[in-house]
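Here the structure comes first, spelled out in structure tokens, and everything after it is commentary.
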Amino acid sequence: MKKISIVVPCYNEEETVEAFYQACERVLPDLNRLNGETYEFEYIFVDDGSKDSTAAKIQVLNEVNPHCHYIIFARNFGKEAGLYAGLKHASGDFVTVMDADLQDPPEMLLEMVTYLESGEFDCVGTRRADRDGEPKIKSFLSDLFYTINNKISKTNIVNGARDFRLMTRQMTDAILDLSEYNRFSKGLFSWVGFRTKYLPYKNVERVAGETKWNFGSLFKYSIEGVVNFSDTPLKLATIAGFLFSFGAAIMIVIYAFRAIFGYVDSKGFTTIVCLILLLGGIQLIAIGVLGEYIGKIFLETKKRPIYIARLKDEGINERGN
Ligand code: UDP
Ligand code: MG
């Protein structure tokens, strides 16, 4: 019998976890009628320091069904940490990561499992086919992120890819081998490679509760994506430096000759001020870019744990690697 692990990071999801569990329970038995395989299931709910009753809700689920495991964090560590903790405790042959808000339709698992069972793929991911119900500006900015990221980074991320995916044990272990502190899962999933099939699906609204993302956090998230997988921004500073120095060298020659032949410019105050501001700005941006990378190194070298669990149910174990 094969085991499928369902990893669910939850932050303030008291209104949705129960509905999520019920929806999965309705769909999962169908998997056993699919390919002549029988599956057993385990849920790993990770409570990411919720301020509502999410932790209590998932503990109740564990009492009702011992295959529902829980890990409760000591504070909010972010979804990426939740995913990592869940994967680290998942023992299934296939592992899926899903949001608690039912934006990742459990019905899709049927098709996903079929693809993995065919042996042609190691991972089946999902991608939003449309962005209905989303503000135009958000869609525009997110398209811009994918375009820029895929241009400057060797790790391509499929436009609209969600974290929702089903992976083999082998791929899950590969992800866990990447024990970096600064985690950008979409990039990690792509970085490890493996044969991945993307299923497009229609965007669905969350069943209840509200999204944890706002414009600022999405912007930070996109910077994470670029900085964690590409060093191109660092090189851009070097290129800009060379271009401006080259320009300056030519100007020095031109103005030296003009001075020698008696053309002394007394005007030009505006030009100088503009140039100082422009160059100062570019230098600050370059230092800022450098800072982003140094900040990452700083956090990485401390080797702090990615998450701290306050409580776990007795039935789960961490996979040693
Ligand atoms: N989440 C989490 N920690 C956080 C923020 C979010 O574990 O700090 C979980 C959240 O409970 C949900 C999933 O990550 O299961 C996706 O969050 P959300 O629905 O807010 O994101 P969206 O679907 O809007 O991208
Ligand atoms: Mg959501």
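Give me 171, 1 sorted ascending by neighbouring Cβ count inside 10 Å, so fewest comes first.
Details: 171 23, 1 8.
Ascending number of Cβ neighbours within 10 Å: 1, 171.
At each listed q (0.18 Å⁻¹), what is the log10 of I(q)/I(0) that the Debye formula gives for the stretch 1-86 modelled as equal alpha-carbon point scatterers?
With one equal scatterer per Cα and no solvent, log10 I(q)/I(0) is -0.74.
For a quick check: with amide H placed at 1.01 Å from N, whose amide H comes under 5 Å from residue 123's, ignoring anything fewer than 5 positions away on the same chain?
195, 197
Arrange 191, 213 by Cβ neighbour counts within 10 Å, fewest through most, would you?
Ordered by Cβ neighbours within 10 Å, fewest first: 213, 191.
Which ³J(HN,Hα) values, rounded to whole Hz and listed in residue order, are derived for the stretch 246-263 from phi using the Karplus coefficients 6.51, -1.76 and 1.60 in 6.51 cos²θ - 1.76 cosθ + 1.60 with θ = phi - 60°, glycine and proline given as x?
After applying 6.51 cos²θ - 1.76 cosθ + 1.60, I find 4, x, 5, 4, 4, 5, 4, 4, 4, 5, 5, 4, 4, 5, 4, 8, x, 8 Hz.
Quick one: if you stick a label point 7 Å off each Cα along the C-beta vector at residue 25 and residue 129, how many nm between them?
Between residue 25 and residue 129, the label points sit 3.1 nm apart.
Grab the stretch 163-258 and count how many Lys pairs have their alpha-carbon atoms under 19 Å apart, sequence gap of 8 or more, or different chains.
Count of close lysine pairs: 4.
Based on the mean of other beta carbon atoms within 10 Å per residue, what is the order of 249-255, 25-31, most packed first?
Going from most to least packed, we get 25-31, 249-255.
Could you tell me the distance between the Cα centroids of the stretch 246-263 and the stretch 182-220, to the nearest Å?
When both Cα centres are located, 54 Å separates them.
Where a Cα-Cα gap under 23 Å defines reach, which lysines qualify for residue 312, not counting those fewer than 8 residues away within the same chain?
Cα-Cα hits under 23 Å: 3, 51, 57, 79, 88, 303.
Among the DSSP beta bridges whose two residues both lie in the chain, what percent are antiparallel, rounded to the nearest 5?
Close to 30 percent.
Tell me, what ³J(HN,Hα) does each residue in the stretch 72-80 have, in order and in whole Hz, if you take phi through Karplus 6.51 cos²θ - 1.76 cosθ + 1.60 with θ = phi - 60° and put x for Gly and Pro?
10, 6, 6, 7, 6, 9, x, 4, 4
If you project the alpha carbons of the stretch 52-205 onto the principal axes, what extent comes out on each, in Å, largest first?
47, 37, 33
Calculate, in nm to one decimal, what residue 302 and residue 173 gain on full extension: separation in residues at 0.36 nm each, minus their alpha carbon distance.
In short, 44.1 nm is gained.
For the stretch 80-131, state which GluC sites (Glu not before Pro) are in a DSSP loop and have at most 10 other beta carbons lying within 10 Å of their beta carbon.
120
What's the ranking of 300-309, 63-72 by average number of surrounding C-beta atoms within 10 Å, highest first?
Answer by packing, highest mean first, reads 63-72, 300-309.
Computed FRET efficiency, Cβ-Cβ of residue 60 and residue 159, R0 30 Å: what is it to the nearest 0.05?
0.20
Got a sec? How would 144, 110, 87 order by Cβ neighbour count within 10 Å, fewest to most? Working shown, then result.
Details: 144 11, 110 15, 87 21.
Listed from fewest to most nearby Cβ atoms, that is 144, 110, 87.
Compute the Rg to Rh ratio over the stretch 221-313 from the alpha carbon atoms, using the Kirkwood formula for Rh, and round to two decimal places.
Value, to two decimals: 1.29.
Can you list, largest first and rounded to whole Å, the semi-axes you get for the chain by taking the square root of 5 times each eigenvalue of its Cα gyration tensor?
Over the Cα atoms of the chain, the semi-axes work out to 49, 20, 19 Å.
Please compute the length gained on full extension between residue 218 and residue 287, using 0.36 nm multiplied by the number of residues separating them and subtracting their Cα-Cα distance.
Roughly 22.6 nm would be gained on extension.
Show me, for the stretch 88-101, the HN-Hα J-couplings you get by feeding each phi into the Karplus relation (A = 6.51, B = -1.76, C = 1.60, θ = phi - 60°), rounded to Hz, glycine and proline as x.
5, 9, 7, 10, x, 6, 10, 10, 10, 10, 9, 6, 6, 8
Could you tell me which trypsin sites (Lys or Arg not before Pro) in the stretch 86-145 are loop residues by DSSP with no more than 15 other beta carbons within 10 angstrom of their beta carbon? Please report the intermediate quantities before stating the final value.
Working: sites: 88, 127, 128, 131, 136, 138; in loops: 131.
Within the stretch 86-145, the qualifying trypsin sites (Lys or Arg not before Pro) (loop, at most 15 other Cβ atoms within 10 Å) are 131.
Every number here is computed from the coordinates shown, using simple stated rules; none is lab data. Please read all numbers here as calculations on a predicted model, not as lab measurements. All Cβ positions, even for glycine, are placed from backbone atoms using ideal geometry, and neighbour counts span all protein chains on display.
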